[in-house]
Structure formats: structure tokens, C-alpha cells
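Since the structure comes first, as C-alpha cells, the remarks are kept for the end.
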Amino acid sequence: MGGTPVSFEVFDGRFNVGGDNYLECLFSDARWTEGPVYVPSGRYLLFSDIPNDRLMRWDETDGSVSVFRFPAGYANGNTLDRRGRLVSCEHGERRVTRTELDGSVAVLADRWEGGRFNSPNDVVVSSDGAVWFTDPQYGIDSDYEGHAAEPEIDGCHVYRIDPASGAVARVADDFQRPNGLAFSPDESRLYVSDTSAGHIRVFGVDGGGLSGGEVFAASPGGNLDGMRVDVAGRVWAAAADVNCFDPDGTRLARLPIPQPAVSNLVFGGPKRNRLFVCATNSVYSMMLKTNGAWRL
Ligand code: MG
């Protein structure tokens with residue numbers, strides 16, 4: 001697809017991990033890309049093309065793109081658990097699933113106290129195997145990213161699936177539209193974006209519970225969405241562009257992306273030093289001078 005020179009706009013001198021300033025477009029034939037996850041065992045990137053109800057697969061060895069799953073339950077966020085299994089949020093089926101090593105799909109959670117979830121949006125797995133996910137209403141607002149429907153539960157919340165029992169707990173209930181989420185490298189912090197409120201919040205993590213929840217950073221423009229953390233704890237957040245925040249909340253830099261909006265991003269490649277960016281109808285990548293905190 002070719003690349004183009006693009007430079008970071010640096011706001012703070014502590015930012016010293018800019019890339020090679022070569023932004024490659026890997027794919028541009030989607031409607032709305034989301035949910036990037038790099039699979040190191042196969043050297044490929046999976047990403048969702050939500051309105052087209054498909055999961056796509058970009059092969060790092062030859063640059064080819066193919067359909068990984070169709071229909072895909074209008075999948076949105078994806079991640080890997082610590083055993084390398086794909087965990088996905090499905091707008092259409094209003095559930096969180098895990099693709100087992102034999103290819104079968106297991107439902108991890110699909111309702112809260114009898115009501116179906118709204119439309120699970122994004123997901124992260126902590127090292128103890130717990131699955132944390134957000135549940136805004138984008139997948140039931142209309143038929144574009146799922147199936148239009150009335151909510152069956154009282155709001156848009158953050159949930160945790162216990163790794164031992166499979167029980168679902170509501171861990172935050174004061175969001176408008178929770179969206180992306182990411183752990184700090186030592187998993188002592190969980191960052192969660194609230195798209196409607198226009199900010200990222202940061203929580204302390206205590207076992208299966210959260211504390212605090214103060215505002216970490218305001219949206220620098222556009223809708224805050226997915227996030228990942230690098231090995232130094234910097235928060236890389238999708239909004240109108242890619243934004244990099246210091247762990248103290250300072251906005252360090254912006255990577256302009258030539259699309260109206262950025263939905264999500266992930267670190268990948270064998271060294272986790274390649275940033276993959278889902279932006280509107282496209283997927284981009286750039287090599288960076290830092291590495292993702294984990295293969296998520
Ligand atoms: Mg999202």
C-alpha cells in the first residue's frame with residue numbers, strides 16, 4: 001500500500017521514542033476498523049471491520065490481507081489472553097467470547113443480572129487471567145455497528161470476569177460511555193477512556209477491584225477510544241490522532257493520522273516495537289523506539 005513521511009508533533013522534551021517517521025498504510029478497504037491485536041505465534045494482525053461484520057487478518061510475512069471470520073458478531077475490541085487465545089467483544093451477540101485453541105468459540109459473558117449487555121466494546125486480560133471489558137451502547141444505537149435494540153441494563157459500565165469462577169462483577173458504574181482500557185506495566189493501574197465525558201480516567205487495581213478513578217487526561221480532540229501502554233508506562237490513546245501521554249498525565253506527543261478519526265492501536269511485531277493503528281476505514285503502522293508493555 002506504500003507509506004508516507006509523517007512526523008510526531010512533540011509537546012514535551014521527555015518524548016524520545018518517535019518512530020522512523022514512515023507511516024505505512026496496510027489496508028484501506030474497510031468501513032470502520034477497530035480491535036487490533038497482534039498474534040506473535042503467527043506473525044499476523046487481526047482487526048475488526050465492524051460495519052462489515054468481519055474480522056480481518058493482515059499477514060506480516062507478506063503483507064496480504066484476508067478475512068479471518070465472517071460473520072463475526074460485529075466484533076469490536078480484541079485481545080489475547082496469557083495463553084495466546086483470542087478474546088473478542090461482539091456487538092452483534094452482545095457478549096465477550098474466547099476463541100479456543102481448537103477454533104471453537106466459547107462465551108465468557110453475555111448478561112448481567114439477567115439482562116443482556118449493551119454491546120461490549122473493548123477488553124483486556126490481566127496476568128491472573130481476569131477479563132476486563134467495557135459495555136457502552138454503540139452496538140445497539142443503530143444497525144450500523146450491530147443490531148439496533150433497547151438496553152436491558154441500567155447504563156454503560158465496566159466489568160470483570162473472574163478467572164476462577166467465571167463470575168461477572170461490575171467494577172465501575174459511573175461512566176457515560178466507557179470505551180478503551182489498558183493496564184500499566186505492573187498492573188497497578190487501569191486506564192479507562194470515557195468517550196462521552198471526553199477524558200481518560202485512572203484507577204488503582206486491588207485484586208479484582210478498582211479504586212480512585214480520577215481524570216488522567218482530557219481528550220486532546222476527537223473521541224477518545226482504544227489505548228495501549230508501552231514498557232515505560234506511557235499511555236498511547238486513540239482520538240482524532242494517536243496521542244502519547246506520560247504516566248503523570250502530560251501529553252507528550254501527537255502522531256497525526258490522515259483519517260478523520262483513530263479508533264484503536266496496538267503494539268506488535270516480534271519485538272512489539274511496531275505500532276498498528278486502526279483509523280476510520282484503514283490500518284496503518286509505524287516503527288517506534290519503544291515497545292509495548294505486553295502482547296495485547
Ligand atoms: Mg472502542
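The values are calculated or read from the model by the stated rules, or taken from the named source; none is laboratory data. As the structure is a computational prediction, the values presented were derived from the model and not from experiment. When we count neighbours, we look across all protein chains shown, and the Cβ atoms used for this are built from the backbone with ideal geometry, even at glycine. The protein model used for the area step is the full one, side chains on, heavy atoms only, and it has no ligands, DNA or RNA in it. Shrake-Rupley method; radii C 1.70, N 1.55, O 1.52, S 1.80 Å.
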Rounded to 0.05, the calculated FRET efficiency for the beta carbons of Asp143 and Asp173 at R₀ = 30 Å is 0.60
For the chain, compute Rh as the Kirkwood radius over C-alpha pairs and then the Stokes-Einstein diffusion coefficient at 25 °C and 0.890 mPa s; write the answer in µm²/s, rounded to an integer.
132
Residues whose built amide H sits under 5 Å from the amide H of Glu60, excluding neighbours closer than 5 in sequence, are Tyr44, Leu45
For the chain, set up a GNM with springs between Cα atoms under 10 Å and report which of Phe68, Phe133, Phe117 has the largest fluctuation.
Phe68
Give me a comma-separated list of calculated 3J(HN,Hα) values for the stretch 230-238, in order, Karplus coefficients 6.51, -1.76, 1.60 applied at θ = phi - 60°, integers in Hz, x for any Gly or Pro.
8, 5, 8, x, 5, 9, 9, 10, 7
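Could you give the length gained by full extension between Val10 and His199, i.e. 0.36 nm per residue of separation minus their alpha carbon distance, to one decimal place? Don't jump to the answer; show the numbers that get you there.
On the way: separation 189, 0.36 × 189 = 68.04 nm, distance 2.04 nm.
Roughly 66.0 nm would be gained on extension.
With an 8 Å Cα cut-off and a minimum separation of 6 or more residues, compute the relative contact order for the stretch 116-155 in percent.
Numbers: 60 pairs, mean separation 15.4, N = 40.
Taking the mean separation of contacting Cα pairs over the length of the stretch 116-155, I get 39 percent.
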Convert each backbone phi in the stretch 141-153 into a coupling constant with the Karplus relation 6.51 cos²θ - 1.76 cosθ + 1.60 (shift: θ = phi - 60°), then list the ³J(HN,Hα) values in order as whole Hz, x for Gly and Pro.
5, 7, 8, 6, 10, x, 10, 4, 6, 7, x, 10, 10
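Taking the solvent-accessible surface of protein heavy atoms with a 1.4 Å probe, what is the per residue accessible area of the chain in Å²?
On the way: 11080 Å² over 296 residues.
Averaged over the residues of the chain, the accessible area is 37 Å².
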Compute a Gaussian network model of the chain, connecting alpha carbons closer than 10 Å, and tell me which residue from Tyr284, Tyr38, Tyr22 fluctuates the most.
Tyr22
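With all protein chains present, how much of the accessible area of the stretch 8-62 (probe radius 1.4 Å) comes from carbon and sulfur, to the nearest whole percent?
On the way: 870 of 2220 Å².
Carbon and sulfur together cover 39 percent of it.
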Per residue of the stretch 155-160, in order, report the coupling 6.51 cos²θ - 1.76 cosθ + 1.60 (Karplus, θ = phi - 60°) as ³J(HN,Hα) in whole Hz, putting x for Gly and Pro.
x, 10, 10, 10, 10, 9
Mean-square fluctuation check for the chain, GNM, Cα pairs under 10 Å: which of Arg14, Arg234, Arg69 is largest?
Arg14
Go through Phe267, Thr97, Val158 and say which Cα lies farthest out towards the positive end of the charge dipole of the chain; charges sit on Cβ, +1 for Lys and Arg, -1 for Asp and Glu.
Phe267
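How much length would be gained if the chain were fully extended between Arg82 and Glu100, taking 0.36 nm per residue of separation minus their Cα-Cα distance, in nm to one decimal?
Working: separation 18, 0.36 × 18 = 6.48 nm, distance 1.26 nm.
Roughly 5.2 nm would be gained on extension.
Report relative contact order for the chain in percent, whole number only (criteria: Cα-Cα under 8 Å, sequence separation at least 6). Walk me through the numbers before you get to the answer.
Working: 887 pairs, mean separation 52.7, N = 296.
Worked out over the chain, it gives 18 percent.
Where Lys and Arg each count +1 and Asp and Glu each count -1, what net charge lies around Val105 among other residues with Cβ under 11 Å from its Cβ?
Details: positive: Arg69, Arg85, Arg95, Arg98; negative: Glu90, Glu93, Glu100, Asp102.
It works out to a net charge of 0.
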Between Ser66 and Val215, what is the label-point separation in nm under the 7 Å Cα-to-beta-carbon projection?
4.8
